[in-house]
């Protein structure tokens, strides 16, 4: 019995994943107006994307993959007995719906799992799934491992400004942080698939200190960490140092999630 | 009797106000005590109560509702103690008066966590003892009250011997004098004699700027309008008269040919164009205060936890409201009453309400509010507006109320607050000589800098704070602080340490050209 994995491009990919024959990544896209569309993590480098973001009068929009893109991926993996799909939180994107619709269009066993997180969080869940596959476990075991990972995975992130989350409508319950006449730097987390405030802080240092405080117990417990950033490698290095860990996994966050959190955002997921 | 005490106090209010240990232009002890008595007067005058008990109970409650500032709160406790005794008596005789004085003393002492001698507490204690002695030698009510009043004045004169801060400042205790003056009023009623005003108990002091106090009653009415007239030419007196007759909360400040105007008016357009006829207009700012009130009506149905803050200045109001607080105007020189707080607490509609007094003198008033409202009240004893804003970061309307209150308390304990203000007379503060007009930089209430300019004082204060370590410093500009100066100052503070983030806001508070908070 063999299992293959399909995920979307908002999942941070641990090294080597792209080369695996049993993994397919379905891209989301982001658009500056109707004429200008880019494939997530493919068409533009992070620097190019943020330059475009800075110079654009228009706020970019993001698009979930068409169901057809998932159908294609499922068909590509016809050599495998089972397909497990890991998508970005259904609370943040319609990608999950596309994946489910596509599953009904192919004549093979496909199960779609909502990771209830994104980027680094989804990356850690993907890593667990691949580890189970590599250990030769059967589909039921793999599915159980993934379910457990979704339950345990946590993600905390800092944004430079709430403006991007607000404009993109992905601000969720962090909405109440908006509109203050005093500069608040919030630490946010994703809970039940939605962005929620973890702590409101003042200043960059305190924002980072709040993340360190929350994540330190996880570091002591030896949990796996996955760091991610949006054009903020220095802040990330500083965070890793403050946590006293080697940066185990680090990815640049792509344009799609980047459109929502804005430049300067960084964070860490742990499992 | 209350009316006479009130009249006596009113006659001396300016003098009592002038007796302030700190040479900061707050000087509101007399005003606070007067307003407290006024509240009792309003409640009890022209009313006939069925029993002395009813009269005493109503009087005590009115005092509590109207108590403003530290001195007002203590006075309200004295009145309550006295009323408790009076409630049990049918007649006011020598014995009853002495017992009422003792009741006032006991209640006042009991209300203070750490009673300080050389204050109004000592004065009531000495006066009560004198009243008791007088009853023992068979004095009638007139003799007993006279003994109490005259001992009260003697006690006031001794206050500098008991309290070093009074000695250094060269004044007697203001609250104590207030108590003595009230007893004078009582004496005039029982004896039918007129009150003698002795000059010795005032010490030499400037009369405070009462205009600033008047300004404190700022209410949400019309448009808060501010502008400057540059190169002013024309009849300054006529200009000032016209502005004063055009609205409320009027302030006209001139410096050579620059005139700055602050006014609340229903017709901002006409006053601005009037100003334009005297010179070039600059810094025009118009805020619809009624709209601000409308906006801040909170969602009553859902609030578990709310915040009420005392604040001054339009900018500060905006900041607090944007963070979800209900704002009552009041601060240095214009202390709100416990009833003001209670009303605002109702406005939040929340079951748990955090109070941020944002001023040392308002903390005791805030602590009285718990007994006046149904909501659970947490007082986080902030002592500056800037500090209060920093504490608001911890406020989360949807959070678990006890946790939110605790978080706000923790922030209050972790911040450092600084303020720059101007000495209104020569004095000795914390062992240093301060000359009138000098700018004093205070950090957490301690004098750390005396300078000729706001900038120098601010920079010296900031240097100390940065050296002790901080992440974010917020500069809150006062009403007379120019944007440009504030910006330059922020640059200089930034230059002290590249690791420190500096945030600048225009708060508009009076009396403090600058407040800072270090987080």
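Would you pick out the residues in region A:7-45 that are in contact with a strand residue (DSSP E or B) (Cβ under 7 Å, 6 or more places away or on another chain) and over 30 Å from residue A:134 (Cβ atoms)? Once the filter is applied, which keeps residues that are in contact with a strand residue (DSSP E or B) (Cβ under 7 Å, 6 or more places away or on another chain) and over 30 Å from residue A:134 (Cβ atoms), region A:7-45 yields A:29, A:30, A:31, A:37, A:38, A:44.
To keep it simple, each residue is scored yes or no on (1) assigned by TED's automatic domain parsing to the domain that holds residue B:258; (2) at pLDDT below 90; (3) on the phi < 0 side of the Ramachandran plot.
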| position | (1), (2), (3) |
| --- | --- |
| B:439 | no, no, yes |
| B:444 | no, no, no |
| B:500 | no, yes, yes |
| B:503 | no, yes, yes |
| B:514 | no, no, yes |
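Does residue B:16 count as out of contact with any strand residue (DSSP E or B) (no Cβ under 8 Å at 6 or more places or on another chain), more than 30 Å from residue B:167 (Cα to Cα) and modelled with pLDDT under 80? Against the criterion (out of contact with any strand residue (DSSP E or B) (no Cβ under 8 Å at 6 or more places or on another chain), more than 30 Å from residue B:167 (Cα to Cα) and modelled with pLDDT under 80), residue B:16 does not qualify.
Residues considered: A:79, A:102. Of these, the only one that is closer than 22 Å to residue A:21 by Cβ and assigned to a loop (DSSP other than H, G, I, E, B) is A:79. Selection of region B:406-438 for residues being without any contact (Cβ under 8 Å) to a residue 24 or more places away in the chain and away from chain A (no Cβ under 14 Å) yields B:413, B:430, B:432, B:433, B:435, B:437, B:438. Any chance region B:155-167 includes a residue that's touching a helix residue (DSSP H, G or I) at 6+ places or on another chain (Cβ under 9 Å), in contact (Cβ under 8 Å) with a residue 60 or more places away in the chain and assigned by TED's automatic domain parsing to the domain that holds residue B:62? Yes, because at least one residue in region B:155-167 is touching a helix residue (DSSP H, G or I) at 6+ places or on another chain (Cβ under 9 Å), in contact (Cβ under 8 Å) with a residue 60 or more places away in the chain and assigned by TED's automatic domain parsing to the domain that holds residue B:62. If the condition is being over 16 Å from residue A:187 (Cβ atoms) and either within 14 Å of another protein chain (Cβ to nearest Cβ) or surrounded by fewer than 19 Cβ atoms within 10 Å (Cβ to Cβ) (or both), then region A:208-235 contributes A:219, A:220, A:221, A:222, A:223, A:224, A:233, A:234. Across region A:240-265, the qualifying residues are those that are more than 12 Å from the chain's Cα centre (by Cα) and surrounded by 23 or more Cβ atoms within 10 Å (Cβ to Cβ), and the one among them that is nearest to residue A:9 (Cα to Cα) is A:259. Here residue A:205 fits the description: free of Cβ contacts under 8 Å to residues at least 12 places away in the same chain, within 14 Å of chain B (Cβ to nearest Cβ) and under 24 Å from residue A:250 (Cβ atoms). Does residue A:59 meet the test of being closer than 15 Å to residue A:260 by Cβ and either free of Cβ contacts under 8 Å to residues at least 40 places away in the same chain or crowded, with 21+ Cβ neighbours inside 10 Å (or both)? No. Selection over region A:56-76 of residues that are within 22 Å of the chain's Cα centre (by Cα), assigned to a loop (DSSP other than H, G, I, E, B) and within 17 Å of residue A:36 (Cα to Cα) gives a count of 4.
Rundown of residues vs (1) assigned to a loop (DSSP other than H, G, I, E, B); (2) farther than 22 Å from residue A:150 by Cα, yes/no style:
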{"position": "A:223", "(1), (2)": "yes, no"}
{"position": "A:227", "(1), (2)": "no, no"}
{"position": "A:236", "(1), (2)": "no, yes"}
{"position": "A:251", "(1), (2)": "no, no"}
{"position": "A:256", "(1), (2)": "no, no"}
{"position": "A:259", "(1), (2)": "no, yes"}
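At least 2 residues being within 14 Å of chain A (Cβ to nearest Cβ) and free of Cβ contacts under 8 Å to residues at least 40 places away in the same chain is the threshold, and among the helices (runs of 4 or more DSSP H) wholly inside region B:297-405 those reaching it are B:314-322. Screening region B:329-345 for residues that are under 14 Å from the mean Cα position of the chain (by Cα) and surrounded by fewer than 24 Cβ atoms within 10 Å (Cβ to Cβ) and picking the one that is nearest to residue A:183 (Cα to Cα) gives B:329. Answer yes or no: is there a residue in region B:401-419 that is closer than 15 Å to residue B:305 by Cα, crowded, with 23+ Cβ neighbours inside 10 Å and either assigned by TED's automatic domain parsing to the domain that holds residue B:452 or modelled with pLDDT of 90 or more (or both). Yes, region B:401-419 contains at least one residue that is closer than 15 Å to residue B:305 by Cα, crowded, with 23+ Cβ neighbours inside 10 Å and either assigned by TED's automatic domain parsing to the domain that holds residue B:452 or modelled with pLDDT of 90 or more (or both). Within the option set B:138, B:170, being assigned by TED's automatic domain parsing to the domain that holds residue B:73, touching a strand residue (DSSP E or B) at 6+ places or on another chain (Cβ under 8 Å) and surrounded by fewer than 17 Cβ atoms within 10 Å (Cβ to Cβ) holds for one residue only, B:170.
Taking the residues in region B:495-506 that are surrounded by 15 or more Cβ atoms within 10 Å (Cβ to Cβ) and more than 9 Å from every other protein chain (Cβ to nearest Cβ) as candidates, determine which candidate is nearest to residue B:473 (Cα to Cα).
Among those that are surrounded by 15 or more Cβ atoms within 10 Å (Cβ to Cβ) and more than 9 Å from every other protein chain (Cβ to nearest Cβ), it is B:502.
When B:82, B:94, B:55 are checked against the criterion of being modelled with pLDDT under 85 and either in the same structural domain as residue B:187 (by TED's automatic domain parsing) or closer than 25 Å to residue B:143 by Cα (or both), a single residue qualifies: B:55. Find the residue count for region A:189-202, including only residues that are more than 13 Å from chain B (Cβ to nearest Cβ) and over 15 Å from residue A:268 (Cα atoms). Residues flagged as more than 13 Å from chain B (Cβ to nearest Cβ) and over 15 Å from residue A:268 (Cα atoms) within region A:189-202 amount to 3.
The one condition from (1) within 14 Å of chain B (Cβ to nearest Cβ); (2) in a helix (DSSP H, G or I); (3) without any contact (Cβ under 8 Å) to a residue 24 or more places away in the chain that residue A:240 does not meet is (1).
The values are calculated or read from the model by the stated rules, or taken from the named source; none is laboratory data. Keep in mind that this is a model prediction, so the values were computed, not measured. As a convention, Cβ positions derive from the backbone with ideal geometry for all residues, glycine included, and neighbour counts pool all protein chains shown.
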